Amino acid sequence: EPEVTQTPSHQVTQMGQEVILRCVPISNHLYFYWYRQILGQKVEFLVSFYNNEISEKSEIFDDQFSVERPDGSNFTLKIRSTKLEDSAMYFCASSEGSTAYEQYFGPGTRLTVT
Amino acid sequence: DQQVKQNSPSLSVQEGRISILNCDYTNSMFDYFLWYKKYPAEGPTFLISISSIKDKNEDGRFTVFLNKSAKHLSLHIVPSQPGDSAVYFCAARGNAGNMLTFGGGTRLMVKP
């Protein structure tokens, strides 16, 4: 069964450093998403991406964040200058098309900012 | 922001019995609802969904009920199995985009 994959599973970085989290969405899916879950809190939407551009973003997704689809398979989330409060599980998700609303999630990347 | 709320943080059920997980929402612009199951150190796994134009959707042991007037949905699992023990999240999609808003989750424990 096709699945969303994410690398790395765990990333430790120092405050102020840049990190790139990587995702490979399901191959025939057209919509891609990033969510995060801070420990003990809800899963929160960050951004959605379609047709090589951002289609929605939340207030959390400020100028420190960017997304990119550098090739036909990868989808990345970059955090330019990490802060302690960016420590969280980051989940990538993908969905098939404009009328298929089910989103399929990857296993997540645990980001720890020290 | 409490647009989607799961008021029970945990639920314990005997194997073979019914599990009922509840979810309330406040935003009347939500038009699609989903349930996800999550094991520790894994991502949410899609279980079942329902459109706001329906009041029930069934898939095997899982049934989701939607009461639009009460802004309430529930997930029924019958019969419950020990492998169902996980955290269950409800999520809702607004009619203006694909962003999902999640509830806080309910931890289900199914005892053998």
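Which of A:GLY97, A:GLY72, A:GLY16 ends up with the largest GNM mean-square fluctuation for chain A, with Cα atoms connected below 10 Å?
A:GLY72
What share of all Cα pairs of the protein assembly as shown, in percent, falls into each consecutive 5 Å distance bin?
Each 5 Å bin holds this share of Cα pairs: 1, 7, 15, 18, 19, 16, 12, 7, 3, 1, 0.
In percent, how large is the relative contact order of chain B, given Cα pairs closer than 8 Å and 6 or more residues apart? Present the calculation step by step, with values, prior to reporting the outcome.
Details: 279 pairs, mean separation 41.6, N = 112.
Here the relative contact order equals 37 percent.
Find the centroid of the Cα atoms in the stretch A:64-80 and in the stretch B:18-59, then give the distance between the two in whole Å.
29
As a test of reading the structure, rank A:ASP63, B:ASP24, A:ASP86 by solvent-accessible area (1.4 Å probe, protein chains only), most first. Kindly include the intermediate steps, with their values, before the conclusion.
Values: A:ASP63 130, B:ASP24 50, A:ASP86 10 Å².
Largest accessible area first, the list is A:ASP63, B:ASP24, A:ASP86.
Quick one: what does P(r) look like for chain B with 10 Å bins over all Cα pairs, in whole %?
The distribution over chain B is 15, 50, 30, 5, 0, given as percents.
For the stretch A:17-114, go through all pairs of different Cα atoms, get the mean of 1/r, take its inverse, and jot down that Kirkwood value in Å.
So the Kirkwood estimate lands at 13.6 Å.
Most fluctuating residue of B:ILE53, B:ILE77, B:ILE20 in a GNM of chain B with Cα springs under 10 Å: which is it?
B:ILE53
Please report the relative contact order for chain A, taking Cα pairs under 8 Å with a sequence separation of at least 6, and give it as a percent rounded to a whole number.
Reported as a whole number, the value is 38 percent.
With springs only between Cα atoms under 10 Å, which of A:THR82, A:THR13, A:THR99 fluctuates most in a Gaussian network model of chain A?
A:THR99
Just to confirm my numbers, what's the Cα centroid distance between the stretch B:67-112 and the stretch A:1-18 in Å?
27
Output the pairs from A:LYS42/B:LYS38; B:LYS5/B:LYS37; A:LYS42/B:LYS54; A:LYS42/B:LYS5; B:LYS38/B:LYS71; B:LYS5/B:LYS111 with a Cα-Cα distance over 19 Å in this structure; if there are none, say none.
Pairs exceeding 19 Å: A:LYS42/B:LYS54; B:LYS38/B:LYS71; B:LYS5/B:LYS111.
I'd like the residues of the stretch A:77-101 whose 1.4 Å-probe accessible area shrinks by no less than 20 Å² going from the isolated chain to the full set of protein chains.
Buried on complex formation: A:PHE91, A:TYR101.
Can you give the charge dipole size of chain B about its Cα centre, rounded to the nearest 20 debye, using +1 on the beta carbon of Lys and Arg and -1 on the beta carbon of Asp and Glu? Can you show the working numbers first?
Values: 12 positive and 9 negative charges, 25 e Å.
Dipole about the Cα centre, nearest 20: 120 debye.
The values are calculated or read from the model by the stated rules, or taken from the named source; none is laboratory data. Not measured: the values here are computed from a predicted model. All Cβ positions, even for glycine, are placed from backbone atoms using ideal geometry, and neighbour counts span all protein chains on display. Each accessible area value is taken on the protein alone, full model and side chains, heavy atoms only, with ligands, DNA and RNA left out. Shrake-Rupley method; radii C 1.70, N 1.55, O 1.52, S 1.80 Å.
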